[in-house]
Structure formats: structure tokens, C-alpha cells
1. For the chain, take the longest principal axis of its alpha carbons; what is the angle in degrees between that and the long axis of helix 190-202, to the nearest 10 within 0 to 90?
2. Of the accessible area of segment 17-132, with the probe set at 1.4 angstrom, what percent is carbon plus sulfur?
3. Angle check, please: helix 239-274 long axis (alpha carbons) against the longest principal axis of the chain (alpha carbons), in degrees 0 to 90, nearest 10.
4. What list of whole percents do you get for P(r) of segment 642-683, with Cα-Cα distances grouped in 5 Å bins up to the one holding the largest distance?
5. Per DSSP H run of n ≥ 4, the term is -39500 (n - 2.57); total these for the chain, divide by its residue number, and report the mean residue ellipticity at 222 nm rounded to 500 deg cm²/dmol.
6. Sort Met1, Met150 by accessible area with a 1.4 Å probe, largest first.
7. Run through the DSSP bridge list for segment 375-503 and note the antiparallel percent, rounded to the nearest 5.
8. If you average the sequence gap of Cα pairs under 8 Å that are 6 or more apart and divide by the length of segment 294-373, what percent do you get for the contact order?
Amino acid sequence: MQLVVDKLEKSFGIQEVFKDVSFMIAKGEKIGLVGVNGSGKSTLVKCLLQPDYADRGTISFEPGIRVGYVEQGFGSIGNESLWDFMMKANPEILSLRKKLKELEAASASGSQNVLDSYGRVTQRYEYLDGYNYEAKLKMVLFGLAFPESMWQMNASTLSGGQKTRLMLAAALVSSPDFMLLDEPTNHLDIRMMEWLEGYLRDFKGGVLVVSHDRAFLDHVATRILEMEGGHLRSFTGNYTKYLAQKDILTRTERAAYEAQQDFIAEQEAYIRRFKAGIKSKMARGRQSRLDRLERLEAPVENETFSLRLPKAPESAERVLILEHLKAGYGENVLVHDVDLILRRGEKVGLIGPNGSGKTTLLRTILGEIPVLGGEAKIGNRVKIGYFSQSYERLDPKQTLLDNFLTEYGLTDEQTRSLLGGMLFHGDDVFKEIGTLSGGQKARLVLLKLVLDGANLLILDEPTNHLDILAKETVEAALEVFDGSVLVVSHDRYLINEVADRIWEIEDRQIRDYKGNYEFYLEEKTKRKQAEAVKEELPKRSGETGHKRPGITAAAGSLETCGQEQKFAAAGNRDEASPNVVRDAGKPWDGKVKQQESKKKTTRKHSPAQLADLIEKVELRIREQEAMLGYLDKQISIPENQMDLEKSRAMAAEREEYVKTIDDLVQKWEELLEEQDMLALEES
């Protein structure tokens, strides 16, 4: 085991954070640590890094293990370039390089001790993959969106989010055997998250990651540890599987607790009734049994805020119209030629890499920055509610109570009641807003959206600082909201649940996908496959003669399929060859083929028409083969093979591709024969 924790406890004064925490993590395990804000997750991580910080219990890492750690926020970064900072991320590699040079210089003496030392140092250097260290640095920097143009920048000039990413990059290249990651996806866009997910899945060591990103936990975690009510529980599988197990466990525990409470109430009623009468001895016996009874703890009921958006006022059908819109700052154009319409009741997820212009587009729509070209028009009777990730609507020097009294003119009692629903109780209302956490500020802005009564919500990262329970509350409110929503978020789970349309900023333009996030992923995959096929066509355009269009390795078994394929139903025509009519039920053999070719000569095309038709059919064959090749790769993935329903669907889809390719090859051969016959007639 790379990590063993046994009976760990931690308290602050009389407040117990957790007790009796025990778990083990083996090499290769990817563990997600979840729990509501304040449940003790970060405190547990601190205990793992500083065992003396715990009050009781033991923490044992495997001897000699190297632990990589990335904390929330960012650490200290000196006045050096990004590249120099990253080079120092693994000091052992640099030390070994220096040692190797010294030993190489000393090896001229022929000393056996020097040669032995050189062998040991070389073995360690190879174990740390020192020869590929620079290549690994480049791979990680590119993966976390640090292009080569930034590598010589002073690292101290980076933004807070960039510094966090740089610290993560340094941890990944430090050759750790075990990694502790506290909210590693903060400040990462979707592309970076997907890259990090792949990196961690391939990482050979153990990982313990604290995260509120449900999609990330689904893609990375092999086990979930849940911190709740001061206790830690383990659930096998990723986040989705944890939810299912948690639901069963919660219902079972609640039923057991309620049954025990009913039993206790029944026994106590009997004792009260007969403790002084003729059955007093029996009553005392029951009291004795009650005293010995091990009481079950009440199931933990995590407190969550209430969020119910009011019914959206009526508005025009088109709530937002973008016409030839160009947005950015001065000469820096981030998006251009945007022609989109957001209609009443639609919910759009706006996605794209960090720096692509998502927030700039929102601010342009709101009129906070001038348009660089075109128009951004708001429909009639449209009232906007805006959630800014920088919380401009909150005065940091005001108290919570004063801020709401000033903006909405409510009474003290009304304001306290509303704030109580957002988990601000008692003297919390007198706190200055500037002292609140990001999650607390987010709850205040969400409350203002409720009070605004808007019919168009423009939301910029509304769930950034919320725990999973709070995110689910926001999702539920947005799902039932009957107005329009335009939300910027890197939370793929939220986008998939709420949005019925995706706008993706890519190459300074916006692509419109009419579906949720899963639909967007499917459509984008199809588009990339089609683009890959088009890129292959020029490479094959030099092929001459009657060489059959290339069947890919994945479809290599199709070489003889065309001979076994029967003709389609009579009258079945194809747009690539509209004059070809195939007979039903006749097997494909040389005799029939010869007869068919004679028939074809009576239905002539011009040489130019034939060349065009042949090219179209060849293109379609290559497209279908590319899709078949991709499908074969998906079929080979073990997870897909284990899903019986999915496996059957993919097998059926493969049969369709095979049949389509066979039909297309047959058409292609017929067209070539007609071309040959025309050439003979002309000669």
C-alpha cells in the first residue's frame, strides 16, 4: 500500500472535525475525496502532509515514496522564467545529471568504485525518466495551455489562475509516486480538464484528489471517499456509481434509524405506564435493555440553501439577436461574424478555452464594453439578470444586511428571512461581504437573481466556488426556470443537465450545436472524423488506373464482401449513380456481372459525367471506411464490451457500415466498367 491511514482524529477546541478515519490507497488507485464545504476534506489533506497536525491516529506512506502535492490557490513563485521554474520541479533529476557528469570525468581513472557508482546513478536516472525530462516538460506545459511563446515569461507576472496551473504542471513533472491534489480543476477550461483526466488515468502511482467536479471524478476516480458528519466512508467506482450506492445506503440507514426510534418510543411508553404498578419488574427489565441498546446515529442531513427562481415575465420571442457581431478589445478581436438568435425559453451553454472571449462576449451583450462591429440587440420586454464571476454587484465594505436593504428596500425581517434561506443565520448578516468565501458570495448573487425577477439569465461561472450539493441546487433551479438562460461554465455536468443548446467559441467564431453537452461531443467527433477523411483525400488523389479505393486496415476483411453481397431491391437508385438500377435477389458472380455491364452500356454517361460520379463514389467509400475504422476502435474498448446493450448496438451499426461499403464498391465497379466500354467504343 502506498498510503495507510488508521484511526485519525482532528478537532478544533470542542468542535470535532472528524474521528476514526481509516483508509488505504494502493499503487494505481485513483481516489476522489468528496463532501460539502466545511466537512473537513482540506483538513484531512493537511494531516496527510503534516502527520503531527492530527490529534490522534497514524499516517504511513510507503518507505521512500515521493509525494506530489497541489493545493488550492497558488504557492510562492520567484522571479524566474516559466521554463526555469519547471526545470527545477524535479531537483533530483538535476542533481543526478550533475553527478553523472562528475562520474564521467572521473571514469578515466578506471576505478571500479567510480564505475559501480556510475551504474547506480544511471539506473536511478533512467527510473526517473531523466533522458525524457525536457520532452515531458513540454508535453505538460502544452497540455495546461502554456504555449512556447510564454516559456521565457517571468513566472511572477502570471495571473492567479495561471500560477495555479503552473504549480499543477510542476507537481506532474516532479516524478511523484503518489499525488495529493486539492481542487486541481480550478482555473482549468474543459480542454485542460480533459487533458488532465487522461494524464491521471495513465499515471502509474496512487492519487487522492479533492474535487467538486463531478464529470472529472467520473472520468478519473476508481473509488470515492466521502467525508460526512465527521466520518469517512468508501464507495467503489466513480462518482456516478458512488451516487447509486450512497442512495441505497442512505435509505437503508434511515429505515433502520426510524425503526429503532419507533422501538425506543414503544419501550419508553411501556416503562412510563408500568414503572410503579404490578408490572414494575418488567418495566425495569425493559429499561435495562434500553440502557444497553447501542443507539444508531441519525442520518446526516446536510443543510443546503433554497433557490427557486420566480416565473419569468412575458417577453418577445427573440430575446437576444446577434447580427454580424464582432467583440473584443480594440485591435484584439476575440469573436467575429456572430449571427445567432436566442429564443424565449432556450437555455444555452457557452463554452470555449480560457481567453477565447466568453466573458468578453457576455459583457458586450450587456453593453459594458462597446461592440467592435455588428449588433447585439435585446428583445422587447426582456429583463436581464446577470451573475458575474467577479461579483461586481456586491460591495465588499457593506454588511450582508445593508447590501440588501440598500438595493431592494426590504425590511430587516424580510432580509433576514431571505438570507437565512441562503444559510446566513444570526449574526452572519452583520459580516462584511469582503470577508466572505467565494461560495458565500455566489449564494448572495444567486439570491439577487431570485429578487430581480428576470426573464433572461446571463451567468458567468455561477457554480465556480460551490460544493456538489450546492451545484445540484442551482442545476435544479435552472432546469425548471421557464425563462431563457445563457451560461458560461467549465462544469460539464451542469452544462449537460441545463443546456439544450451549445455555443462553442473556436477559432474566433461560434459554432452552434442544437443539443446538450453529450450531443455536442458526438457531433464534434463526427465533424473531426469527416475533416480527417478530407485531409486524406489529397494524399490518395495521385492514384491512377482502376485501383479500388483504399480499404482501411480496420475494414481489410471487406475485400471479398462485395462478391458475396446480394443486389438491393429492384428500383433502388443512388444519387451518386442515379441511372443504375439493380435487380433484386441475384447473387454477384462473373456471369451476372457481365450481363449487367452490357445493360449499363445502353445507359451512357458522358466521360466527364462518369469521372465525376466515380470520384463521388470513391469519396463516399473512404468516408464510410473512416467511420468504420473509428467504430472498430470503440468496439475494442473493454468498457464498451462489458456493456451488453451498447455492444449489441455497435455491432448492428458495424453491419450497416459493412453493407453500405459493399454497395458502394459494387456501384464503383459498375461505373468503371461503363467507363471502359465507352473508351473501347471511342477507340
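1. Helix 190-202 and the main axis of the chain meet at about 80 degrees.
2. Values: 3110 of 6450 Å².
The C+S portion of the solvent-accessible surface of segment 17-132 is 48 percent.
3. 30
4. P(r) for segment 642-683, in whole percents per bin: 5, 21, 13, 11, 13, 8, 8, 7, 5, 5, 3, 2, 0.
5. Values: 22 runs with 315 residues, N = 683.
It lands at -15000 deg cm²/dmol.
6. Details: Met1 115, Met150 25 Å².
Sorted by accessible area, descending: Met1, Met150.
7. Details: 1 of 10 bridges.
Just about 10 percent of them are antiparallel.
8. On the way: 82 pairs, mean separation 22.8, N = 80.
After rounding, I find 29 percent.
The values are calculated or read from the model by the stated rules, or taken from the named source; none is laboratory data. This one's a predicted model, so the numbers in the text were calculated from it and none came from an experiment. Here Cβ is always computed from backbone atoms with ideal geometry, including for glycine, and neighbour counts include all displayed protein chains. Keep in mind that these areas ignore ligands, DNA and RNA; they rest on the heavy atoms of the full protein, side chains included. Shrake-Rupley method; radii C 1.70, N 1.55, O 1.52, S 1.80 Å.
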